[in-house]
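The values are calculated or read from the model by the stated rules, or taken from the named source; none is laboratory data. In this text, all values refer to a predicted model and were calculated from it rather than measured experimentally. For neighbour counting, all protein chains shown are included, and Cβ atoms are generated from backbone atoms with ideal geometry for every residue, glycine included. Just so you know, the surface numbers come from the protein's heavy atoms only, side chains and all, with ligands and any DNA or RNA stripped out. Shrake-Rupley method; radii C 1.70, N 1.55, O 1.52, S 1.80 Å.
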Amino acid sequence: MNASGIPAQQINMLELKKSMRAMWMAGDFGVVAKTVVDAEEEFVKGLPIKAGMRVLDVACGTGNTAIPMARMGAVVTGVDIATNLVEQARERAATEGVVATFDEGDAEQLPYAKESFDAVVTIFGAMFAPRYKLVAAEMARVLKPGGLLAMGNWNPASFTGAMFRVTSKHVPPPPGITPPILWGDESAVRERLEPYFTDIKMEVVPIDFDLPTNAAGAVEFFRTYFGPTQVAFSRLDEAGQAAMRADLETLWAGANVADDPEKQTLVRNEYLKVTAVRS
């Protein structure tokens, strides 16, 4: 306990959340989001979302899933920790002529009442919150009994999982933080959700990364626009940055299946789709 009366462990978590918010606000995730917009719309099309359903999109980013669900007639609320992403989502919804609400908030402490939603959806989002037990409990708390949970999470075997491992080798995560990629491990997901959910179903879904550049350009793209990669590079000295860049370029080049790898980077990726029913 310090002079403020706040336990040191809580102070550390507050600092971690502050740095996470800054990380996701770095770069311009909206540019990265455009590369997976079609895949996220396909994810939504595969869900039993009906007109009039109250749906919460957790860690909504710039609205890749919230906006198509709103087009389907759902009453959609999106929530994200990053202020700039919430603002981009609002602008996109206005531009595309759909009605959706976007709030700033934390997946570990959702600013909504108990049993407020018929469905909770999150893709490549809630998995990054540091305390998975709170995430699972909060998603369950805001869902009505019988409500749908749908998650899309990068899995350990995916290319994204490999990219995270390379980054973590050079910039280790804070001690005690469980790797986000475990939200893509079937046994971990089942253990986390079973206290609150039934009818848990999982399937691995293919998704491509397709960029109009070579492997070096792909690394630069993520360094420029993807906040976590940008921040990781910023924490290294010049030699460390060169080493991580070389490892990432090797990874991207090795996975590139494009016919002309000097002009295109095409990587076969995948994620774990999870659906469950609130008990």
Review point. Is there a residue being under 29 Å from residue 235 (Cβ atoms) and β-branched (Val, Ile, Thr) anywhere in the range 136-159?
Key: no
Review point. List, please: which pairs have Cβ atoms under 8 Å, are six or more places apart or on different chains, and start with a residue in the range 35-58 that is more than 19 Å from residue 117 (Cα to Cα) and hydroxyl-bearing (Ser, Thr, Tyr) and end with one that is modelled with pLDDT of 95 or more and assigned to a loop (DSSP other than H, G, I, E, B)?
Key: none
Revision key, fill the gap. Being open to solvent by 40 Å² or more (accessible area, probe 1.4 Å), over 30 Å from residue 189 (Cα atoms) and either among the aromatic types (Phe, Trp, Tyr) or under 24 Å from the mean Cα position of the chain (by Cα) (or both) narrows 268, 278, 245 down to just 245
Exercise for review: Give the range 248-265 a look and list any residue that's small (Gly, Ala, Ser) and under 30 Å from residue 188 (Cβ atoms), or say none.
Suggested key: 254, 255
Review point. What is the one condition in (1) at negative phi; (2) at pLDDT 95 or above; (3) of a type outside the set (A, V, I, L, M) that residue 178 does not satisfy?
Key: (2)
Review point. Where in the range 70-175 are there strands (runs of 3 or more DSSP E), lying wholly inside it, with at least 2 residues that are polar (S, T, N, Q) and buried (at least 19 other Cβ atoms within 10 Å of the Cβ)?
Key: none
Check your understanding: Could you give every pair whose Cβ atoms fall below 6 Å, whose first residue belongs to the range 129-146 and is among the charged types (D, E, K, R), and whose second residue is open to solvent by less than 30 Å² (accessible area, probe 1.4 Å), counting only separations of at least 6 or pairs across chains?
Key -> 131/108; 138/110
